[in-house]
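Read the structure below first, then the notes.
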Amino acid sequence: AYDAKGLLKAAIRDPDPVLFFEHKYLYRLPRLRETLPDEDYIVPIGKASVRREGSDVTIITFGAMVYRALDAADKLAEAGISAEVIDLRTIVPFDVETVLASVKKTNRAIVLHEASRTGGFGGEISATITEKAFEWLEAPIIRVASLDTPVPYSPPLEDFYMPQVDDIVEAATRLSAY
């Protein structure tokens with residue numbers, strides 16, 4: 001909620017056109033109910049947030065997938081894998097410096113997004129990491145994304161379609177063993 005308020009204010013005040021998307025799933029998360037500060041603030045467009053520090057693998061994501069990544073990081077910690085979770089907050093522009101700093105630290109990257117694997121923004125993030133941080137990678141970049149099918153309407157099918165916590169844990173476990 002803090003980021004949504006700050007990003008919306010930044011979008012309104014930006015002299016250029018800005019598309020602002022909110023994920024309906026976020027409205028249903030009890031852990032997102034928070035008291036917001038009354039003072040005026042903005043969250044800068046194009047500045048990511050490190051939601052969890054880690055040393056073994058970087059999970060780069062945005063939107064509702066941030067919370068799945070954090071849940072996966074909790075499970076990974078139980079298995080002795082330290083996952084850093086980067087919340088991009090915005091995708092155009094996205095905070096390349098924060099992403100690269102994290103990848104240089106962990107030497108491994110998972111790009112997690114809700115869009116279909118083919119044609120999703122994760123490919124752009126992966127390409128940027130490959131172009132700018134290839135020498136620091138000790139394993140291939142793994143994309144965890146939705147299936148390459150139309151988005152289903154049925155909630156059980158939607159759950160099957162979208163990346164789940166166990167998908168992230170499996171990818172991170174495989175990547176950390178590489």
Completion exercise
Condition set surrounded by 20 or more Cβ atoms within 10 Å (Cβ to Cβ) and under 11 Å from the mean Cα position of the chain (by Cα), scope the range 49-62, selection nearest to Ala11 (Cα to Cα): answer is Phe62
Problem - Selected residue (criterion: most open to solvent (accessible area, probe 1.4 Å)) from residues of the range 1-25 that are in a helix (DSSP H, G or I) and within 19 Å of Phe94 (Cβ to Cβ) - result: Leu8
Practice task
Report whether or not Arg143 is in a strand (DSSP E or B) and of a type in the set (Lys, Arg).
Solution key: yes
Practice task
May I ask you to list pairs of residues, at least six apart or on different chains, whose Cβ atoms are under 6 Å apart, with the first in the range 35-52 being within 23 Å of Glu97 (Cα to Cα) and among the hydrophobic types (A, V, I, L, M, F, W, C) and the second being modelled with pLDDT of 95 or more and part of a loop (DSSP other than H, G, I, E, B)?
Solution key: Ile45/Thr90; Ala48/Leu88; Ala48/Arg89; Ala48/Asp95
Handout entry: Residue that is farthest from Pro163 (Cα to Cα) [pool: residues in the range 52-97 that are in contact with a Leu (Cβ under 8 Å, 6 or more places away or on another chain), in a helix (DSSP H, G or I) and aliphatic (A, V, I, L, M)]
Key = Ala69
Practice task
Can you tell me which residue within the range 77-86, out of those that are under 18 Å from Ile142 (Cα atoms) and surrounded by fewer than 23 Cβ atoms within 10 Å (Cβ to Cβ), is farthest from the chain's Cα centre (by Cα)?
Solution key: Ile81
Practice task
Find all pairs meeting these conditions: Cβ atoms under 8 angstrom apart; at least six residues apart or on different chains; first residue within the range 1-12 and aromatic (Phe, Trp, Tyr); second residue modelled with pLDDT under 95.
Solution key: Tyr2/Glu34; Tyr2/Leu36; Tyr2/Pro37
Exercise for the section: Show the residue pairs that are 6+ apart or on different chains and have beta-carbon atoms under 7 Å apart, the first residue being within the range 159-178 and farther than 20 Å from Pro140 by Cα, the second being hydroxyl-bearing (Ser, Thr, Tyr). Expected result: Tyr161/Ser146; Tyr161/Thr149; Met162/Ser146
Fill in the blank from the handout: In the range 120-141, residues that are open to solvent by less than 100 Å² (accessible area, probe 1.4 Å), touching a residue at least 24 places away in the same chain (Cβ under 8 Å) and not small (Gly, Ala, Ser) total 8
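The values are calculated or read from the model by the stated rules, or taken from the named source; none is laboratory data. Not measured: the values here are computed from a predicted model. Cβ atoms come from the backbone with ideal geometry, glycine included; neighbour counts cover every protein chain shown. Surface areas here come from the heavy atoms of the whole protein model, side chains and all, with no ligands, DNA or RNA. Shrake-Rupley method; radii C 1.70, N 1.55, O 1.52, S 1.80 Å.
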